[in-house]
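One structure is given below, encoded as structure tokens.
The values are calculated or read from the model by the stated rules, or taken from the named source; none is laboratory data. Given the structure is predicted, the values throughout are model-derived calculations rather than measurements. Every residue, glycine among them, receives a Cβ derived from its backbone with ideal geometry; neighbour counts consider all protein chains shown.
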Amino acid sequence: MHTLIEPGFFGSAPVHVALVIGAVTAIVSAVVGVFAVIRSQSFAGHALTDVATTGGSGAFYLGISPLLGFIGGGVIGAGAMDLVGVQRVRSRDIATGVVLGSASGLAALFLYLDTTQSATTGATQQILFGSIFTIDPSTIPLVVILSVVTLVAVALIYRPLLISSFSAELAQARGINARVIGLIFMVAMAVSVGLSSIAVGSILSTALLIGPPATSVRLVTHVRSAVIVASVIGVVTAWLGILFAYDSYYWIPSTQGLPVSFFIVALIFLCYLVSGLSAVRRSIEWLRASFGSSSAAT
Amino acid sequence: MIASPVLEVEGLRVSLSGRTILDDVTFEIRPGEFTGLIGSNGVGKTTLLRTILGLQRPDAGVIRVDGKPISPRNRSLGYVPQKIAIDPDIPMRARDFVALGLDAHRFGFARRNSQQRELVETMLHAVDGDRFANNRVGSLSGGEQQRILIAHALISRPKVLLLDEPLANLDPKSVQEIVALLHRITEDHGVAVLLSAHEMNALLPVMDRIVYVADGRAASGTTEEVVRPDVLSELYGHHVDVLKLHGRVLVVADLSSDDDIPQHPNLTVS
Amino acid sequence: MATRLVWVQLGGDLMFSGFMVNAWQAGTIVAVVAGIVGFFVVLRGSAFPAHAIPNGAFAGAAGANLIGINPLIGLGVFSLGAALGIGGLSRRGRPDAVTALALVMMLALGAAFLSQSTQYEPEIFSLLFGEILGVSTSQILPVGVLGIVSVACVTVLYRRLLLTSIAPEMAAARGLRPQSIDTAFLIVVAMATTMTVPVVGALLIFTLMIGPPAAARCFTNRTERALALSVAFALVTVWLAIACSYKTNWPVGFFVSAFSTTFFLAGRLFRALRARRSVYPISSVTALARSQG
């Protein structure tokens, strides 16, 4: 008979690694993602995951450190977007699209060259749909360290980032150079999605960056609470997804289960849809009214 | 012989998010009249205009254009919104945007005959837009863009041209130019103009009629009939004074008086 | 004599014969459709949906493959689903976040489908990056039909699309219902996606819908000319990409993206040069003065 938690779940070493990586990635993505969502930069965030993946496949081909490829690719992409794009939202999206297109084309080339010149099979699937269960445990320390660095960077620019995200005039009045802050944020986002792409794959990287923040921003108004709610949603969906993926190995033995990315993304998507239901909205408002409004916006 | 009104608003009540914005608003506009919709910011002028256009559903009341109830495809109403942001990268000339005012509802590629092209020229000339007609519509200055929007709205020969705060961000000279332009349009093309503003002084020389909105209600009539202490005090619900100086009008709240003003049910003066 | 040598050097004899004829035909149709639909994608700033919908389509093809039906059906169903989903959810939430969510949901489904099948690596590769050299004659007809339908829709809605894209408030005031136009356009993108993905690949069709149209509008102020240029640039991109792909055996998608980007940069360069060199017309001077006043 099938149980909710199949045997060996808590004892399995790959599962431990996955739970840690999943949680760290979810939290960092939530912090960066809340800002990405309120700045309407979801496209840029997603594009950076694809650009990072290109960097990864390039590194794969050139035989250099994949981590360097993922993060380096992302940072170059962020720079290119800033260079080509301008302040207007529509032109910014066009610029993002062009950078993404170039990166995708390069990715195609790298993968082709790699598969024809070496005997690696499944390279495309590996790079694009990379699995959280196959991550090398030795990379954990580096991933955690770089994640902390990214969080520190965001914390340092927190206030000017917040102001320039909500009002360009206010930022200008306070002497904040919105362009520079924006660039710093893009680079931080590039690093964070580079890390998450190599850790959990590009699909999950985008999903964790945008999904929980988009959901939390619908439910709460203050940025700090949004970050907390998004982190919680991210970690819970990641852990549940890992559990279900592990279980599916037993539930569907013929094909060794369904990929973990499927479960996590499905849960995230479900959370977003549920947050849109008016019943949920009304419950949240009732909660807020009952327990009184919390401290000021920031 | 009084011509039948081209726009009639009766007993209009509009709510937004549960709050009543406008209550029992009644006025009418005759052909070719220049009407100012005056009220402070946030009082509901935009809401009123949008309701007339059919973009907002009223709780109660009747709106008739040319004697018929309003409908979405009503070409009798032209609309010029407040400054809209047009991307300068968009490949469309100002003159093409004006032409679009004529036939944006038609299907297929734009094939315009010489008569239609002449009409575009006429409209461009009417708004003094000839010099920037071939520039990108997104690269025009605020005042230039406004003229193009007016031409776009005007080219389909509406009976009433509705403008939402067209004078808001203009310097005094441009304000004068646009007011004169609109007045010329009412005379040359027989189009009635209903324009909202928070300050009535620029319009005093040309306004035939005023609809003064305050506290969710409106008083309509000529300026002599409406811009008076008794009418406006009634409207605001507390004492106001009307000061006239050098042909300019100033409405001032008299905060010293605590008397309650008796409520008259009908504020339509004419 | 010399030209004949050059022609042979370019692979002229073989490149235009046999199975390559299909590639040229399919490529030309794709370029025309991408140039036209892409013109409006860029106009409306719908770059993200134009990227998301094809990726969703890829998942549909994987799913169709899994249950053993024609991948084109899976492509169509999922593109349409993605288009309607994005359109519907965008009304109540942030459009870009919604597009991202729809995209990853589709990709995750695709990953799930792939995990359950024994799809071969090259097939996945070609769905993602295009395999124009493998276009069969039987594929030309559906590609052509969907292409004609997409272009027909855009033609019919041409003026409404223009006004609702540029000045949605004024369009609404005329009763043109911008929301319906938005949905209709997304459906057109879904159709254009379905027909182009088998040829140019899910990941790269959108470069063709972005680069050439974005470049075209740098060269002219006139709407119809920009549209024509958009198609012209797209055609040159695809033709060059096919030729280069034939010569080097590298994936055609790589060349499509490379040439699309080149056109985009050329357009930007041209615009920058013209701005610096031209004498400012009166209106720009007053605009400058007013902005600083």
**Message:** What are the pairs with Cβ atoms under 6 angstrom where one residue, in region B:135-163, is without any contact (Cβ under 8 Å) to a residue 60 or more places away in the chain and more than 25 Å from B:Ile210 (Cβ to Cβ) and the other, located anywhere, is part of a helix (DSSP H, G or I) and charged (D, E, K, R)? Sequence gap at least six, or different chains.
**Reply:** B:Ser141/C:Arg290
**Prompt:** Among the residues of region A:245-264, which ones are surrounded by 19 or more Cβ atoms within 10 Å (Cβ to Cβ), aliphatic (A, V, I, L, M) and either in contact with a Leu (Cβ under 7 Å, 6 or more places away or on another chain) or in a loop (DSSP other than H, G, I, E, B) (or both)?
**Reply:** A:Ala245, A:Leu258, A:Ile264
**Request:** Can you tell me which residue among C:Leu89, C:Leu84, C:Leu109 is in contact (Cβ under 8 Å) with a residue 40 or more places away in the chain and either within 13 Å of another protein chain (Cβ to nearest Cβ) or farther than 26 Å from C:Pro213 by Cβ (or both)?
**Result:** C:Leu109
**Asked** Looking at this structure, is B:Glu165 assigned by TED's automatic domain parsing to the domain that holds B:Gly190 and either over 13 Å from the mean Cα position of the chain (by Cα) or assigned to a loop (DSSP other than H, G, I, E, B) (or both)?
**Response** yes
**Asked** How many of the residues in region B:89-101 are more than 7 Å from chain C (Cβ to nearest Cβ) and among the acidic types (Asp, Glu)?
**Response** 0
**In region A:81-103, the residues that are more than 10 Å from chain C (Cβ to nearest Cβ), surrounded by fewer than 24 Cβ atoms within 10 Å (Cβ to Cβ) and either touching a Lys or Arg at 6+ places or on another chain (Cβ under 9 Å) or modelled with pLDDT of 90 or more (or both)** = A:Asp82, A:Gly85, A:Val86, A:Gln87
**Item:** In region A:2-42, the residues that are of a type outside the set (Val, Ile, Thr), touching a helix residue (DSSP H, G or I) at 6+ places or on another chain (Cβ under 7 Å), surrounded by fewer than 22 Cβ atoms within 10 Å (Cβ to Cβ) and assigned to a helix (DSSP H, G or I)
**Value:** A:Pro14, A:Leu19, A:Ala23
**Asked** Looking at A:Ser196, is it buried (at least 24 other Cβ atoms within 10 Å of the Cβ) and touching a Gly at 6+ places or on another chain (Cβ under 9 Å)?
**Response** no
**Complete:** Exactly one of B:Gly11, B:Gly54, B:Gly42 is surrounded by fewer than 23 Cβ atoms within 10 Å (Cβ to Cβ), farther than 20 Å from B:Pro158 by Cβ, in the same structural domain as B:Tyr212 (by TED's automatic domain parsing) and free of Cβ contacts under 8 Å to residues at least 24 places away in the same chain, and that residue is B:Gly42
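Would you say B:Asp188 is closer than 16 Å to B:Leu124 by Cα and touching a helix residue (DSSP H, G or I) at 6+ places or on another chain (Cβ under 9 Å)? Break it down into steps so the answer makes sense when it comes.
On the way: closer than 16 Å to B:Leu124 by Cα: yes; touching a helix residue (DSSP H, G or I) at 6+ places or on another chain (Cβ under 9 Å): yes.
Answer is yes for this residue.
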**Asked** Given the conditions (1) within 11 Å of another protein chain (Cβ to nearest Cβ); (2) buried (at least 24 other Cβ atoms within 10 Å of the Cβ), which single one is not true for C:Phe219?
**Response** (2)
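Can A:Val187 be described as of a type outside the set (Ser, Thr, Tyr), surrounded by fewer than 21 Cβ atoms within 10 Å (Cβ to Cβ) and at pLDDT 90 or above?
Here the answer is yes, as A:Val187 does meet what is asked.
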**Message:** Looking at region B:203-240 only, could you name the residues that are at pLDDT 90 or above, among the hydrophobic types (A, V, I, L, M, F, W, C) and either more than 20 Å from B:Asn41 (Cα to Cα) or not in a strand (DSSP E or B) (or both)?
**Reply:** B:Leu203, B:Val206, B:Met207
**Prompt:** Across region B:46-88, what is the number of residues that are away from chain C (no Cβ under 11 Å), touching a helix residue (DSSP H, G or I) at 6+ places or on another chain (Cβ under 9 Å) and of a type in the set (A, V, I, L, M, F, W, C)?
**Reply:** 2
**Message:** Kindly evaluate B:Val213 against the criterion of being in contact (Cβ under 8 Å) with a residue 40 or more places away in the chain and farther than 28 Å from B:Leu102 by Cβ.
**Reply:** yes
**Item:** Of the criteria (1) within 15 Å of C:Phe48 (Cα to Cα); (2) of a type outside the set (Gly, Ala, Ser); (3) more than 21 Å from the chain's Cα centre (by Cα), which one C:Pro178 fails
**Value:** (1)
**Item:** Verdict on C:Asn70 being away from every other protein chain (no Cβ under 11 Å), surrounded by fewer than 24 Cβ atoms within 10 Å (Cβ to Cβ), at pLDDT below 85 and touching a Ser or Thr at 6+ places or on another chain (Cβ under 7 Å)
**Value:** no
**Prompt:** Of the residues C:Ala232, C:Ala243, which single one is at pLDDT 95 or above and more than 10 Å from every other protein chain (Cβ to nearest Cβ)?
**Reply:** C:Ala232
**Request:** Would you be able to tell me the number of residues in region B:120-136 that are within 13 Å of another protein chain (Cβ to nearest Cβ), assigned to a loop (DSSP other than H, G, I, E, B) and of a type in the set (A, V, I, L, M, F, W, C)?
**Result:** 1
**Asked** Does B:Arg117 satisfy the criteria of being basic (Lys, Arg), within 10 Å of chain C (Cβ to nearest Cβ) and either crowded, with 23+ Cβ neighbours inside 10 Å or in a helix (DSSP H, G or I) (or both)?
**Response** no
**Fill in**
Every listed condition ((1) hydrophobic (A, V, I, L, M, F, W, C); (2) farther than 19 Å from A:Leu161 by Cα; (3) in contact with a Ser or Thr (Cβ under 9 Å, 6 or more places away or on another chain)) holds for A:Phe35 save (2)
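Every residue, every condition in (1) in contact with an Asp or Glu (Cβ under 8 Å, 6 or more places away or on another chain); (2) assigned to a helix (DSSP H, G or I); (3) under 16 Å from A:Val31 (Cα atoms); (4) at pLDDT below 90, yes or no:
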residue: A:Ser138; (1), (2), (3), (4): no, yes, no, yes
residue: A:Arg159; (1), (2), (3), (4): no, yes, yes, yes
residue: A:Gln172; (1), (2), (3), (4): no, yes, no, yes
residue: A:Pro213; (1), (2), (3), (4): no, yes, yes, no
residue: A:Val217; (1), (2), (3), (4): no, yes, yes, no
**Matching residues, region A:171-214, being of a type in the set (Val, Ile, Thr) and out of contact with any Leu (no Cβ under 9 Å at 6 or more places or on another chain)** = A:Val180, A:Val187
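Within 12 Å of chain C (Cβ to nearest Cβ) and farther than 30 Å from B:Ile38 by Cβ: is that true of B:Phe107 in this structure?
yes
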